[in-house]
Structure formats: structure tokens, C-alpha cells
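Structure, as C-alpha cells:
The values are calculated or read from the model by the stated rules, or taken from the named source; none is laboratory data. Because the structure is a prediction, the values reported are computed rather than measured. Note that each Cβ is placed from the backbone with ideal geometry, even for glycine, and that neighbours are counted across all protein chains shown.
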Amino acid sequence: MRAAWYERQGAAADVFVVGEMDDPEPGPGEVRIRIEASGVNPGDVKKRQDRFGRGLPYPRVIPHSDGAGVIDAVAPGADDARVGQRVWCFGAQSYRPFGTAAEYVVVPDEQAILLPDAVTFEQGACLGIPGITAHRSVHVAGEVAGKTVLIQGGAGAVGQCAIGLARHAGARVAATVRSAKDEATAQRAGAHWVIRIADSTESTAERIRDAVGDGVDHIVEVAFDANIELDAQLLRPNGSIATYATRDVTPGIPFWPLVFKNISIFFLGSDDFSRKTKAAAAEALNEALLAEWPGFEIAPGIPLDSIANAHIAVEEHSTAGRVVVTL
């Protein structure tokens with residue numbers, strides 16, 4: 001098969017190799033997917049750069065955890081009837097060396113999710129990491145129907161999914177953004193209110209209160225260190241925060257304001273969610289796509305031979321829409 005890989009970490013243009021490898025064969029309980037589109041997430045870029053400081057986990061890495069295509073082979077323990085199904089997959093390169101930047105990928109049967117006929121392979125290839133993270137972020141504290149949910153960073157990949165999933169679940173959804181372009185993206189995703197971030201925490205809090213009223217019940221947080229002071233101000237008593245990212249790895253928190261409101265904080269890492277949680281997320285994502293959520297805007301596909309350009313586009317935020325590698 002044709003595949004892209006790296007055997008050392010560093011700049012995309014320096015480390016990527018595109019060439020031929022043996023076709024993988026599914027093991028017990030696994031399926032093989034002929035990949036049509038491979039989604040590029042920021043985490044894929046960071047692994048290749050060694051931004052997490054963990055080194056190269058395997059001698060050779062085919063990147064990308066998310067992708068979409070058609071099942072062409074199954075092993076014992078998987079349903080033979082799945083051959084020919086259009087699917088999207090997640091976790092292909094989570095604790096595994098070979099991801100979706102190849103003509104074929106092998107994943108456990110439960111990680112290959114039926115892709116509705118109305119949804120493109122490119123859209124499906126973008127769902128995994130951001131969609132599962134968003135679903136857990138929205139629902140980790142319980143039912144959101146009738147509640148006010150604030151999505152910090154509503155124009156990001158997780159943010160867009162969170163907006164769509166929270167609205168699909170019956171929440172009143174507010175989202176913060178930084179620009180007019182981001183505002184349009186969050187509105188497209190379905191936010192009831194979109195609030196532009198101001199120069200100060202106090203001004204941003206005032207803008208959000210002007211939109212939603214006396215506060216919010218739950219916050220999906222993309223920048224825990226930067227926004228925790230603001231979140232503490234906005235949350236109603238017994239509210240909650242679900243956070244999946246921070247720049248400062250040892251952030252301070254306003255302890256007493258959070259304590260006096262009985263605030264719950266959930267720290268989320270999508271690779272380690274339970275199977276039940278991931279299955280619920282996959283079902284909800286497909287439901288939302290077939291209902292009111294339009295999904296992502298997708299940038300023109302980048303061919304596998306130019307995978308370095310795809311990674312650079314994600315690093316530099318130089319492309320409008322989600323970046324996908326096409327095969």
C-alpha cells in the first residue's frame with residue numbers, strides 16, 4: 001500500500017517519507033478500511049513535533065487517528081456483513097503505530113463507525129478526536145437540556161462539534177470567538193449567541209451576561225489557564241467546567257470563588273475515554289449530522305504525496321476549513 005510515515009520527529013518537510021508498505025491484515029476483532037480521506041488534527045502535528053516531550057513511541061509512525069473510507073476486510077470476531085460499509089474511524093493512531101495516512105488502516109471493529117450515505121468521506125474523516133472530545137465535554141456533568149452552555153472557542157474543531165451537540169441535546173448555547181470570521185463559523189455551527197472576546201475579562205463577562213442573562217450552567221473550555229477567572233465569574237452555583245486544553249501546564253485557579261459556588265471541574269483526555277463513552281459520542285455525532293448540524297467546512301483535499309503541506313497548513317492556520325489528506 002501507499003503510505004506516509006516518519007521514523008524521527010521534527011519539521012514536516014524534514015521527516016515525512018511517502019512510499020510503499022505491506023498491506024496490513026486485520027487481527028481478531030478488527031476490520032480493515034480502505035481509506036478515502038485522512039483527517040489532520042493538531043494532536044497529530046504535535047506528536048510529530050514531539051511537543052509532548054514523550055519521544056518517538058514506535059520505530060515507524062503512520063500518523064493521523066481519524067479517517068474515513070470503506071471496510072474491505074474483517075477478521076474473526078468482526079461481522080462479515082461489514083465488508084463494503086462506508087465508515088469513519090477514530091483512535092487509529094492512539095496507542096498504535098499506524099494511523100490513517102495510508103491506503104489501508106486496521107482498527108478494532110467498534111472504532112469503525114457507520115458513515116451515513118449523506119455524509120462525505122471528508123466530513124467523516126474530521127469527526128473522531130474533536131467530535132468525541134466535544135461530546136464528552138458537553139455531557140460529562142449530566143443532562144444539558146434546558147440549560148445554558150458556554151463554548152469557549154466556538155470556532156475551533158472541538159468548539160464547533162460542541163455547539164452542534166449541545167444544541168442537538170436541547171441546550172441554550174453561547175459561544176465565544178475572536179474575529180468576525182470566527183463569529184460566522186460559530187453561527188453556522190448553531191450557537192444561539194456568539195460573543196466576541198473583549199480586551200479584558202470584565203468586559204468579556206459583561207458581554208456574555210448581556211447575551212445570556214444571569215450566568216451559565218456548564219462551560220466547555222479550550223483554554224483553562226486563560227479563562228478560569230472568567231469562568232468562575234460566569235458560572236451559576238453548582239455549575240461545571242469541562243476542559244480539554246491549556247497552554248500553561250500548571251495554571252492557578254481562583255479557589256474560593258469556585259468553592260463557594262460548588263463548581264465541578266472535569267479534565268478530559270479523549271484517548272482514555274471508556275468504550276461506552278466513545279460509542280455514545282459516535283451515535284450522537286451521526287444523529288446531529290443527519291439533523292440540524294451542518295458539520296465542518298472542509299478545505300480542498302491535499303494528496304498523500306503532499307502530506308507535509310497538510311501538516312504545515314494546520315501548524316500555520318493558513319487554510320480555511322478542516323485539513324484532510326485524500327487518497
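Brief remarks follow.
- Only one of the listed residues (G156, G142, G146) is within 27 Å of S65 (Cβ to Cβ) and in the same structural domain as N227 (by TED's automatic domain parsing). That residue is G156.
- The residue that is nearest to A141 (Cα to Cα), counting only those in the range 248-272 that are at pLDDT below 95, of a type outside the set (S, T, Y) and not in a loop (DSSP other than H, G, I, E, B), is D272.
- A single entry from E25, E20, E30, E7 fulfils the requirement of being in contact with a helix residue (DSSP H, G or I) (Cβ under 8 Å, 6 or more places away or on another chain) and surrounded by fewer than 20 Cβ atoms within 10 Å (Cβ to Cβ): E7.
- Matching residues in the range 234-247 - criterion: being more than 20 Å from the chain's Cα centre (by Cα) and part of a strand (DSSP E or B): L235, R236, P237, N238, G239, S240
- Across the range 40-83, the number of residues qualifying as under 23 Å from G301 (Cβ atoms) and free of Cβ contacts under 8 Å to residues at least 12 places away in the same chain comes to 1.
- Top-ranked residue of the range 202-233 - restricted to ones that are part of a strand (DSSP E or B) and not acidic (D, E), ranked as farthest from the chain's Cα centre (by Cα): V216
- Residue in the range 84-105 that is nearest to T120 (Cα to Cα), counting only those that are without any contact (Cβ under 8 Å) to a residue 60 or more places away in the chain and surrounded by fewer than 17 Cβ atoms within 10 Å (Cβ to Cβ): G84
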